[in-house]
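See below for the structure under consideration.
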Amino acid sequence: MIRTNLWLPALAVFAVLGAGACNDPHAHEQADQAGDAIKVAGEETAEAATAAGDAAMEDTKDAAQNAGDAMHQAGEDISDAAHEAGHDMAEAADEAGAKAEKAGDKAKMKMDDAGITAAVKSKLLADPEVKGLAIDVDTVGGKVTLSGTAKTAYEKEEAEKLARHTDGVVSVDNKIVVGGK
């Protein structure tokens, strides 16, 4: 499960917005800190995408190695039965293709889930009617789980609506508790 905790970048967004509204030097310092926090969140997202790509590449290497091993074995079997060797090679190629496709699908799903989580969290933070900092977003296979607290039932419903209307979301499990801070 990919869980993206974006409370710090969200705080940064609010600090930037507040700094733009006043001339307080402390507010500008907070805005700088917010910018730094946003940068760190971006770097963490990039690291997660890189890790997913690395995992897909490793699975693909394994599939290629398995295909190579199967082809070598088929070559040794040619002297005994050419027909059987040809059949084994076709089977090994199918297996390698299936493994490569599975590895690619796995990497795509991990990147898609991280993107969905980020998109939902961004919508929650941008909506003035939802207290996005108090809501956590988790995504697995396009299924979004919202948890945390909301002041009102309307805020809880609005958060769910924002999540449902995000590209890539398959379903939303709204576990937000009403009456929180």
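Please treat every number below as a calculation from the coordinates, not as lab data. Since this is a predicted model, take the numbers as computed values, not measurements. Positions of Cβ are backbone-derived with ideal geometry, glycine not excepted, and every protein chain shown enters the neighbour counts.
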*Please give, to one decimal in nm, the separation of the simple spin-label points placed at E29 and E43, each 7 Å out from Cα toward the Cβ.*
2.2 nm
*asked:* Give me Rg/Rg_expected for segment 111-154, where Rg uses Cα atoms only and Rg_expected = 2.2 N^0.38 Å with N residues.
replied: 1.15
*Calculate, in nm to one decimal, what M71 and E157 gain on full extension: separation in residues at 0.36 nm each, minus their alpha carbon distance.*
25.2 nm
*Can you put M71, M57 in order, fewest other beta carbons within 10 Å first?*
M57, M71
*asked:* Test of understanding: what is the full-extension gain from T50 to V178, defined as 0.36 nm times their sequence separation minus their Cα-Cα distance?
replied: 42.4 nm
